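Q: Okay, handing you the structure first.
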Amino acid sequence: MDLNLLNIDIQNFINKNIDENIAKLALQRNPFPEIEWITILNQIEAKAKSKTKLPHWFSTKNIIYPSKISIEQTSSEKTAVYKTDIVSSESLIDLTGGFGVDDYYFAKKMKMVAHCEINQELSKIVKHNFNQLNVKNIECYSGDSLAILRELKTKWDWIYIDPSRRNDAKGKVFMLQDCLPNVPEHLDLFFEYSDSILIKTAPLLDISAGLSELNNVKTIHIVAVENEVKELLWELHKDYSGKINIKTINILKDKLDIFEFILEESSETPTYNLPQKYLYEPNSAIMKSGGFDEVGTFYNLNKLHKHSHLYTNSSIIAFPGRIFEIENAIPYHKNDMKKFLEGTKCNVTVRNFPERVESIRKKWKIKEGGNQYCFFTTDENDDKIVLICKKIQS
């Protein structure tokens, strides 16, 4: 960690160039020869990435940033805040501390948080930043977190882990055993030091694959921000062997859309119908959960087709996803396409349909954008149809 970065002139230069093109800046002469130019450029780029993702860090003076990839991989403040609704009690140890965003928010709920980070330089940066952020109840440890866990000999209320994929796992199916630390291998060890474990994984991890590797899973939280799934949170409790709750969360600007159900619990058979007045598309967190029948039966909606994952009814209701008014439903035939859509401008979505968006646009000369939304899908009779809609709810 180079403390020369805290020089007021360098900090002013970083702030002044936040919105500048890094490639163009790199061609300029370094105005601060006492520090490497690439180091200053990294601070500008990493801080720029923090502007919307980590606004509290961005607005705090004398924050030092790690490599931009660390910023890209860290939790956003929005998802970090959500995690504080899961953990409770007095103490937590984070075995994969990283940039420390989650721990900053855990510390608002806990009396004591331990931040473990194997990268010594990153650990120093995080410790410095916690001082700038005026956090007093986080202890930073540098080194192998499993060794630290054993050395501290402490019983924690929670263990938090965000395992990273090993380099030699590239190209393989994403499994937890391919990550560091290897959570499935060390799960018994973790339960020696805590009865509650929270594991964060990338959305890429298949839920059934995760369940095949983990025991004692009580709840799986699928967290999206503005309809983009950001992370899966696996909540484990020692000796738990009951039903698994799936909780989907879509964090929006002014609210949380939450839908939850019990995994593999028998539910009512979904009903099917041809398109009615309104069309409902579940948000990305629900889509990731696989709870397609559950969301339809809970909201008393009709599915268009078993595999379309689109829903319809004749009266509008509140729903965790996008809502459209169907203006026209046409068969996917040449004459109808020429009459209603060829050469027009609209937003194209495909659901359970044999053609890709790109080929549809090219084939029918459809331009992207506008206020019209077209869903190319399959109805309950296995007929290919196009629903021409206007959006009511984003």
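The values are calculated or read from the model by the stated rules, or taken from the named source; none is laboratory data. These numbers were taken from a predicted model, which means no experiment stands behind them. All Cβ positions, even for glycine, are placed from backbone atoms using ideal geometry, and neighbour counts span all protein chains on display. In case anyone asks, the SASA skips ligands and DNA or RNA and just uses the protein heavy atoms, side chains included. Shrake-Rupley method; radii C 1.70, N 1.55, O 1.52, S 1.80 Å.
Q: Return the residues of the stretch 241-255 that are within 21 Å of Thr84 (Cβ to Cβ) and free of Cβ contacts under 8 Å to residues at least 60 places away in the same chain; say none if nothing qualifies.
A: First, pick out the residues of the stretch 241-255 that are within 21 Å of Thr84 (Cβ to Cβ): 245-255.
The answer is Asn245, Ile246, Lys247, Leu252, Lys253, Asp254, Lys255.
Q: Would you confirm, using the coordinates I've provided, whether Asn300 is in contact (Cβ under 8 Å) with a residue 12 or more places away in the chain and open to solvent by 50 Å² or more (accessible area, probe 1.4 Å)?
A: It is true that Asn300 is in contact (Cβ under 8 Å) with a residue 12 or more places away in the chain and open to solvent by 50 Å² or more (accessible area, probe 1.4 Å).
Q: Between a residue in the stretch 150-170 that is of a type in the set (A, V, I, L, M) and any residue that is at pLDDT below 95, which pairs come within a Cβ distance under 6 Å, given they are 6 or more apart or on different chains?
A: That search, which allows pairs on different chains as well, returns Ala169/Asp178.
Q: Name the residue that is nearest to Leu341 (Cα to Cα), counting only residues in the stretch 368-394 that are surrounded by 13 or more Cβ atoms within 10 Å (Cβ to Cβ) and among the basic types (Lys, Arg).
A: My answer is Lys384.
Q: Additional query: Looking at Glu139 and the list (1) under 25 Å from the mean Cα position of the chain (by Cα); (2) in a strand (DSSP E or B), which single condition is not satisfied?
A: (1)
Q: Okay, moving on. Among (1) surrounded by 20 or more Cβ atoms within 10 Å (Cβ to Cβ); (2) more than 25 Å from the chain's Cα centre (by Cα); (3) polar (S, T, N, Q); (4) farther than 30 Å from Lys365 by Cβ, there is one condition Ser289 misses while meeting the rest; what is its number?
A: Only one criterion is unmet by Ser289, namely (2).
Q: Let me ask something else about it. Of all residues in the stretch 74-89, which are over 21 Å from the mean Cα position of the chain (by Cα) and open to solvent by less than 60 Å² (accessible area, probe 1.4 Å)?
A: None - no residue of the stretch 74-89 is over 21 Å from the mean Cα position of the chain (by Cα) and open to solvent by less than 60 Å² (accessible area, probe 1.4 Å), so the list stays empty.
Q: Considering (1) more than 14 Å from the chain's Cα centre (by Cα); (2) crowded, with 19+ Cβ neighbours inside 10 Å, say which one Asn215 fails and leave the rest.
A: (2)
Q: Give the residues of the stretch 27-65 that are farther than 16 Å from Asn7 by Cα, assigned to a loop (DSSP other than H, G, I, E, B) and among the aromatic types (Phe, Trp, Tyr), sorted by residue number.
A: Correct list: empty.
Q: I've got another one for you. Taking the stretch 46-63, which residues are in contact with a helix residue (DSSP H, G or I) (Cβ under 6 Å, 6 or more places away or on another chain), more than 22 Å from Ile251 (Cβ to Cβ) and buried (at least 19 other Cβ atoms within 10 Å of the Cβ)?
A: Once the filter is applied, which keeps residues that are in contact with a helix residue (DSSP H, G or I) (Cβ under 6 Å, 6 or more places away or on another chain), more than 22 Å from Ile251 (Cβ to Cβ) and buried (at least 19 other Cβ atoms within 10 Å of the Cβ), the stretch 46-63 yields Ala46, Ile63.
Q: Here is a check on your reading of the model: is Glu327 part of a loop (DSSP other than H, G, I, E, B) and open to solvent by 20 Å² or more (accessible area, probe 1.4 Å)?
A: no
Q: Restricting to the stretch 352-394, give me the number of residues that are in contact (Cβ under 8 Å) with a residue 60 or more places away in the chain and within 30 Å of the chain's Cα centre (by Cα).
A: Total satisfying the criteria: 10.
Q: I would also like to ask the following. Quick one: would you say Ile71 is surrounded by 16 or more Cβ atoms within 10 Å (Cβ to Cβ) and in a helix (DSSP H, G or I)?
A: The answer is yes for Ile71.
Q: Let me confirm something: among Thr201, Thr248, Thr219, Thr269, which residue is of a type in the set (Val, Ile, Thr) and at pLDDT below 95?
A: Unique residue meeting the criteria: Thr269.
Q: Filter the stretch 244-277 down to residues that are of a type outside the set (Gly, Ala, Ser), in contact with a helix residue (DSSP H, G or I) (Cβ under 6 Å, 6 or more places away or on another chain) and open to solvent by 40 Å² or more (accessible area, probe 1.4 Å), then give me how many there are.
A: Number satisfying all stated conditions: 1.
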